[in-house]
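I have placed the structure first, in the form of structure tokens, so that the comments after it can refer back to it.
The values are calculated or read from the model by the stated rules, or taken from the named source; none is laboratory data. On a predicted model such as this, the values are computed, not experimentally measured, just so you know. Note that each Cβ is placed from the backbone with ideal geometry, even for glycine, and that neighbours are counted across all protein chains shown.
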């Protein structure tokens, strides 16, 4: 792997890195508002983004560097099973079409910055809102760590970062620099920095995919050749399991896993705080709906990207760590300068989501832990200050995680994070449509889902790991192998419904609902909904 | 702007809304029924059916979501016009 530094590729990579760094700092002046010391400004970019900025921001946010590395890596490792990412992203958009505009409206009306703000306002329960906030932070942290794993994979293939024998400081220095710079401009520019950088990131990604999907198959002799050699590779027996390595289509038994993974992941995606942060930063309700019709362009790109996994096999890329398959494919196939562009695309692809995720986690902490539990009378200026500092801490935490622990730990936690975040679905999406669920029942359902999901994931063994070996397990009562997160979610829902009946029966207090039905359909410009928002705290006086 | 607090909404379920629901539900049926597309043939330009079919569905579901969006917009305009407000 570390067969010397690829000078040209590195130079191109550094060029783009310096470019986005400059943009990141200049972003603070982009569409600057009069009062910049509010969480609406720093944490939501002034809630001012139109259709295209939102499109780039959401695309840059959801399709992370880790996605670019991990999806083809899964295909490279096992074939069809890894392709579930495509139906997953197909299902996301019709799904969010139904509920995201409602969340936007109610958040705009009441000045909510996070999903927990909404849950608090809707159900009048600090406990439930804390549960949602903590789940969000826990699920986001390993996700940030994985962005670092993405950058590391690229640095590794470029030959920077040294070999096994260099000391840890020299080895990790490039990563430390990249992260230090990221932390600095996120601190100063807030959400505007990733929004501006997302333009560069997505443009690079689209160019790289377009070139890769034409250039590499031509060099390898066409898709016939590629799939023929993939078929051959998958039929070889894996010595660890005694079974074939993979297959070109899912087996009968694998179809449940495939479908449940796609559905469960689609339900979970917009529960993640960073997805919501990017959503709430848009200017109007229409921007969100319009985006559900143009965001699928990214799904198409993801599908093409996944095919690179087959190309890596056909090109004879042999790596122990599947994460390196795609960067290595680029290095082998492309001229050095274009490999540099491709690496820059992945590297910047890590910076954008990492920035948004740290902002989202910081907002959750500030609004739903700091303000609700520590300092209820915090001014907007203090809120912003706390959020900025927490965004730094979150990043340092993720960095420490990656540097001190094995990569598989980050991946395990990311897997758990997906299962966990899905458990906030009943409170959030349920709450957007009905007040029928009882707040304590929602807490009960959430707790059951969290515990079941964690225990079930702990019990999954793989040839290389005793615990957290995968995200699929036998579904109790059905007997098929399915996504643990979805099983936990169904369990969560059942418990919530049953407990709601129980709470109703014993007349447990319902809590105050601060929202009214017309809040959910309000758009910017309606009476009572200023196009220009009041300061972040005004709408949600606690 | 819809200034009058008129609550004379039309019926909740209308033919247009049923079409919208169908447009949004179709991708779920198609994608979750994995058995319907878990096969390699027919191969197109060397790509097995399993892969190109799902990528084709990216386009189909995009079109369906666009149709749903347009119909929804029209539905909302008609409703706010009926309420005597600005058609937005």
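Quick one: which residue in A:307, A:300 is on the phi < 0 side of the Ramachandran plot, more than 21 Å from the chain's Cα centre (by Cα) and either within 11 Å of chain B (Cβ to nearest Cβ) or in a loop (DSSP other than H, G, I, E, B) (or both)?
A:307
Can you tell which of A:220, A:204, A:261, A:269 is modelled with pLDDT of 85 or more, within 14 Å of chain B (Cβ to nearest Cβ) and within 27 Å of the chain's Cα centre (by Cα)?
Result: A:261 is the single residue among A:220, A:204, A:261, A:269 that is modelled with pLDDT of 85 or more, within 14 Å of chain B (Cβ to nearest Cβ) and within 27 Å of the chain's Cα centre (by Cα).
Within the stretch A:137-149, is there a residue that is in a helix (DSSP H, G or I), free of Cβ contacts under 8 Å to residues at least 40 places away in the same chain and away from every other protein chain (no Cβ under 14 Å)?
For the stretch A:137-149, residues in a helix (DSSP H, G or I), free of Cβ contacts under 8 Å to residues at least 40 places away in the same chain and away from every other protein chain (no Cβ under 14 Å): absent.
Of the residues in the stretch A:55-111, how many are in contact with a strand residue (DSSP E or B) (Cβ under 8 Å, 6 or more places away or on another chain) and outside any helix (DSSP H, G or I)?
Residues that pass the stated criteria total 1.
Condition check: within 23 Å of residue A:408 (Cα to Cα), in a helix (DSSP H, G or I), touching a residue at least 40 places away in the same chain (Cβ under 8 Å) and away from chain B (no Cβ under 14 Å). Does residue A:345 satisfy that?
No.
Does the stretch B:20-48 hold any residues that are more than 7 Å from chain A (Cβ to nearest Cβ), assigned to a helix (DSSP H, G or I) and crowded, with 18+ Cβ neighbours inside 10 Å, and which are they?
B:20, B:23, B:30
Mind checking which residues of the stretch B:1-19 are surrounded by 12 or more Cβ atoms within 10 Å (Cβ to Cβ) and either within 7 Å of chain A (Cβ to nearest Cβ) or modelled with pLDDT of 90 or more (or both)?
B:19
What pairs come out if I take residues in the stretch A:88-103 that are facing chain B (nearest Cβ under 8 Å) and within 16 Å of residue A:117 (Cα to Cα) and pair them with residues that are in a helix (DSSP H, G or I) and modelled with pLDDT of 90 or more whose C-beta lies under 8 Å away, six or more apart or interchain?
The qualifying pairs do not exist here.
Could you name every one of the helices (runs of 4 or more DSSP H) located completely within the stretch A:215-294 that has at least 3 residues being buried (at least 23 other Cβ atoms within 10 Å of the Cβ) and without any contact (Cβ under 8 Å) to a residue 12 or more places away in the chain?
Helices (runs of 4 or more DSSP H) meeting the threshold: none at all.
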